[in-house]
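Remarks on the structure that follows.
The values are calculated or read from the model by the stated rules, or taken from the named source; none is laboratory data. This is a predicted model, so every value here is computed, not measured. Cβ atoms come from the backbone with ideal geometry, glycine included; neighbour counts cover every protein chain shown. The protein model used for the area step is the full one, side chains on, heavy atoms only, and it has no ligands, DNA or RNA in it. Shrake-Rupley method; radii C 1.70, N 1.55, O 1.52, S 1.80 Å.
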Amino acid sequence: MNSIVEKLKKHFSEALVAAFGAEFAEVDPLINPTNNPKFGDYQCNLAMSLTKRLKQNPREIAKQIVENLNVADLCQTPEIAGPGFINLKIKPSYLEGALSGIQKDPRLGVEKAQKQQKIVVDFSSPNIAKEMHVGHLRSTIIGDSIARILEFRGHDVLRLNHVGDWGTQFGMLIAYLRETYPKALTTADALDLGDLNLFYKQSKKRFDDDEEFKETARKEVVKLQSGQADSRNAWQLLCDQSRREFQKIYDRLDIDLNERGESFYNPFLADVVQELDEKGLLEESDGAKCVFLEGFTNKAGDPLPLIVKKSDGGFNYATTDLAALKYRINRDEADRIIYVTDSGQSNHFAGVFQVAKRAKILPENIEVVHVPFGLVLGEDGKKFRARSGESVKLKDLLDEAVDRARAALESVLVEEGRNESKEFIDSVGNTVGISAVKYADLSQNRTSDYKFSYDKMLELKGNTAPYLLYAYVRVQGISRKGDIDFNNLPENIEIVLKQEEELALAKHILQLSEIITGIEKDLFLNRLGDYLYELSKKYNQFYEQCPVLQAEEPIKTSRLVLSDLTARTLKLGLSLLGISVLERM
Ligand code: ARG
């Protein structure tokens, strides 16, 4: 148990029991970091919430808690303020000891979870024959970072790409290609994804306008589903084509994923529908088989259905998700299943989860979570589009970010009269560009829409990737200038924290563990971004006020350790966001 908050919580629980009895052992002590140093470093708001239960006034309650509180090793004497807040200020000696304690620890004090779980993260999940869009980019970046954090906590994470590779669209597309471009169905690489996408759109139009074509397309689906060889081959080629394009994006973003598309669950769909029927949940509505949902109604107040078998006999997105859920629970033995998609799918998942619970496919002890996110908007606040009005291709988006990052670097080099190799410029441009795109996304509260702005995300000031990367580079600059090998600082260094900036930085470094364990629960990655941004700001304040290389010993080495710990915290934190640091930029 490393984090200060956890230690405080334990002490407060003990104090509560001592003051009010064993039945208070389970009460959450409501301890939070303060945002104003006037109130100390942490504050406990518990007294106010206990007034009813204890029938006493909150200041009196706070007094009794403090009298029973044993935090002398951690804090200065607690102070009671206002209606009954308990303000806690951490002792410098505690901070010094805690920093020494993590100085050689590659995990920087973040322990592995006590109970290691099997966790499925379902993310990215683009659709075959369609271009991956910005929404899939969000899912990819957010899902990857969630997976990284859970892996770091020691969980066994299964990263699944639930690719849309099944369904009527393939009948449509294959039927259309048979007519217009049969070569694409027998030859690898006859199309690129852009063409495929165009064919997809044309086939959709034919499908909507032409009854006869609709029928041909339906027959094509049946052929595919019954496993007829030439249809299967054609389908396989189309999938491979898309897969290769997707992989290029994943490589550039350094994303690791296992593809297990919708088609994988095809053999289980009929069984799932039968199971719902046997459990008495299935009803018929307009020829479709569905389960009526509890608590979901349309405008007229009628219950909404979750359709699992369409009137034409086909299964759909929800059927597949029910089968996938069952598979993940029974075969993958997942304890927790996380789905990363846009908020538009919230009702879909709520429906699937409800039906799975009612059908006892989903037991109580397994946690399923939909992690919704908002839209990516253009700078005009409207849907993000290319100048042509088309949706933006991810490849172009990443290229542009990298080009702009490189151009910005080149102009700095000219300004500073620096001469760097082409490799250096390419590598820094690439890292900064990609990091900026990822960070701009991950630093937002994911539930809100955000405006995509190359200019903003590449700024060297503010909560941006370049700002954080630069803070890291600053520390490496100290090591170069002072010829310091951070990996070989002497053992048993005495850490001395005197200046306000040193204390603030030390406290912040020691909060990493709280941040990570918080995100493990609520999956809000912007908390890590905020933390790292704050860390960089605190480091820059420290850097301006506290000379490092010029200081006398033991202060000098102590400040070197503080610098090194900052850099390592940044490196670790950024790596959990899928971002790598640069030694120079
Ligand atoms: N392919 C879907 C889409 O593009 C996302 C799939 C998400 N995962 C799932 N199990 N439904 O919207």
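If one computes P(r) from the Cα atoms of the chain, what percent of pairs lie at distances over 48 Å? Working shown, then result.
Numbers: 41943 of 170820 pairs.
I get 25 percent for the Cα pairs in the chain exceeding 48 Å.
For Asn330 and His348 in one chain, what is 0.36 nm times their gap in residues minus the Cα-Cα distance, to one decimal in nm? List each step's numbers first, then the result.
Numbers: separation 18, 0.36 × 18 = 6.48 nm, distance 2.18 nm.
Additional length available on full extension: 4.3 nm.
Pop the C-beta distance of Arg387 and Gln247 into the FRET formula with R0 = 22 Å and round what comes out to the nearest 0.05.
On the way: r = 27 Å, r/R0 = 1.25.
Computed FRET efficiency for Arg387 and Gln247 comes out at 0.20.
Over the stretch 400-474, what is the relative contact order in whole percent, taking alpha-carbon pairs under 8 Å and six or more residues apart?
Values: 66 pairs, mean separation 22.3, N = 75.
Result for the stretch 400-474 is 30 percent.
Compute the angle between helix 134-152 and the longest alpha-carbon principal axis of the chain, please, reported from 0 to 90 degrees and rounded to the nearest 10.
50
Relative contact order for the stretch 13-148: what percent, with Cα pairs under 8 Å and sequence separation of 6 or more? If you can, show how the numbers build up before the last one.
Numbers: 149 pairs, mean separation 22.8, N = 136.
Worked out over the stretch 13-148, it gives 17 percent.
What is the local net charge at Arg584, summed over the other residues whose Cβ is closer than 13 Å to its Cβ (Lys, Arg +1; Asp, Glu -1)?
On the way: positive: Arg418, Arg474, Arg480, Lys481; negative: Glu416, Glu420, Glu423, Glu583.
It works out to a net charge of 0.
Express in nm, to one decimal, how much length is gained between Lys115 and Gln202 on full extension, taking 0.36 nm for each residue of separation and deducting their alpha carbon distance.
Working: separation 87, 0.36 × 87 = 31.32 nm, distance 5.16 nm.
Fully extending the segment from Lys115 to Gln202 adds 26.2 nm.
Working from Cα positions, state the angle (0 to 90°, nearest 10) between the long axis of helix 211-225 and the longest principal axis of the chain.
Orientation of helix 211-225: about 70 degrees from the principal axis.
Give me, ordered by chain and number, the residues 5 or more places off Asn127 or on other chains with an amide H under 5 Å from its own placed amide H.
So Asn127 has HN proximity to Gly164.
Please report the relative contact order for the chain, taking Cα pairs under 8 Å with a sequence separation of at least 6, and give it as a percent rounded to a whole number.
14
Taking the Cβ of Gln476 as the center, what net charge do the other residues with Cβ under 14 Å away carry, scoring Lys and Arg +1 and Asp and Glu -1? If you can, show how the numbers build up before the last one.
Values: positive: Arg474, Arg480, Lys481, Arg568, Lys571, Arg584; negative: Asp483, Asp485, Asp564, Glu583.
Residues near Gln476 contribute +2 overall.
What is the extension gain from Leu489 to Asp271, computed as 0.36 nm multiplied by their sequence separation minus the C-alpha to C-alpha distance, in nm to one decimal? The partial results should precede the final answer.
Details: separation 218, 0.36 × 218 = 78.48 nm, distance 6.26 nm.
So the chain would gain 72.2 nm between Leu489 and Asp271.
Determine the calculated [θ] at 222 nm for the chain from helices alone, applying -39500 (n - 2.57) to every DSSP H run no shorter than 4 residues and normalising by the residue count; nearest 500 deg cm²/dmol.
On the way: 21 runs with 300 residues, N = 585.
Taking each H run of at least 4 residues, the total per residue is -16500 deg cm²/dmol.
Quick check for me: using +1 on Lys/Arg Cβ and -1 on Asp/Glu Cβ, what's the dipole size of the stretch 77-216 about its Cα centre, in debye to the nearest 20? Could the numbers behind the result be given before it?
Details: 19 positive and 20 negative charges, 168 e Å.
Around 800 debye, computed over the stretch 77-216.
Report, in degrees rounded to the nearest 10, the 0 to 90 angle that the Cα long axis of helix 394-415 makes with the longest principal axis of the chain.
With rounding to tens, the tilt is 40 degrees.
Could you tell me which of Thr320, Gly301, Ser427 has its Cα farthest along the dipole of the chain towards the positive end, charges placed at Cβ (Lys, Arg +1; Asp, Glu -1), taken about the Cα centre?
Farthest towards the positive end: Gly301.
Ignoring ligands and nucleic acids, what accessible area does Ile80 show with a 1.4 Å probe (Å², nearest 10)?
Rounded to the nearest 10, the figure is 50 Å².
Treating cross-link reach as a plain straight distance, find the lysines whose alpha-carbon is under 30 Å from the alpha-carbon of Lys214, omitting any fewer than eight places away in the same chain.
Within the straight-line cut-off, Lys214 pairs with Lys130, Lys183, Lys201, Lys204, Lys205, Lys223, Lys289, Lys309, Lys310, Lys393.
May I ask for the net charge around Gly462, where only other residues with Cβ less than 12 Å from the Cβ of Gly462 are counted and Lys, Arg are +1 while Asp, Glu are -1? Write out the running numbers ahead of the final one.
Values: positive: Lys456, Lys461, Lys537; negative: Asp455, Glu459.
Charge balance near Gly462 sits at +1.
Given the options Ser242, Leu253, Gln228, identify the residue whose Cα lies farthest towards the positive end of the charge dipole of the stretch 213-262 (+1 on Cβ of Lys, Arg; -1 on Cβ of Asp, Glu).
Positive-end residue among those listed: Gln228.
What is the spin-label model distance, in nm, from Asn32 to Arg232 if the labels are put 7 Å beyond Cα along the C-beta direction?
Using points 7 Å along Cα→Cβ, the separation is 5.8 nm.
Within the stretch 158-242, which GluC sites (Glu not before Pro) sit in a loop by DSSP and count at most 13 neighbouring Cβ atoms inside 10 Å?
none
Just by accessible area at a 1.4 angstrom probe, what is the order of Lys183, Lys498, Lys538 from largest to smallest? Numbers along the way, then the final one.
Details: Lys183 110, Lys498 145, Lys538 45 Å².
Descending accessible area places them as Lys498, Lys183, Lys538.
For Lys9, go through the lysines and keep the ones whose alpha-carbon is under 25 Å away, minus same-chain ones fewer than eight residues off.
Straight-line reach from Lys9, under 25 Å: Lys38, Lys52, Lys55, Lys63, Lys89, Lys91, Lys112, Lys115, Lys507, Lys521.
Treating only the Cβ of Lys, Arg, Asp and Glu as charged (+1, +1, -1, -1), what charge dipole size does the stretch 430-485 show about its Cα centre? Round to the nearest 20 debye.
Numbers: 8 positive and 6 negative charges, 15 e Å.
Around 80 debye, computed over the stretch 430-485.
By what distance, in whole Å, do the Cα atoms of the stretch 317-376 stretch along each of the three principal axes, largest value first?
Between the extreme Cα coordinates on each principal axis of the stretch 317-376 lie 36, 18, 18 Å.
Select from the stretch 103-180 those trypsin sites (Lys or Arg not before Pro) which occupy a DSSP coil region and have at most 12 other Cβ atoms within 10 Å, ordered by residue number.
Details: sites: Lys104, Arg107, Lys112, Lys115, Lys118, Lys130, Arg138, Arg148, Arg153, Arg159, Arg178; in loops: Lys104, Arg107, Lys112, Lys115, Lys130, Arg153.
Here the sparse-neighbourhood loop sites are Lys104, Lys112, Lys115.
Out of the stretch 285-368, which trypsin sites (Lys or Arg not before Pro) are coil in DSSP terms and have no more than 13 other C-beta atoms within 10 Å? Write out the running numbers ahead of the final one.
Values: sites: Lys289, Lys299, Lys309, Lys310, Lys326, Arg328, Arg331, Arg336, Lys357, Arg358, Lys360; in loops: Lys299, Lys310, Arg331, Lys360.
Qualifying residues, ordered by number: Lys299, Arg331, Lys360.
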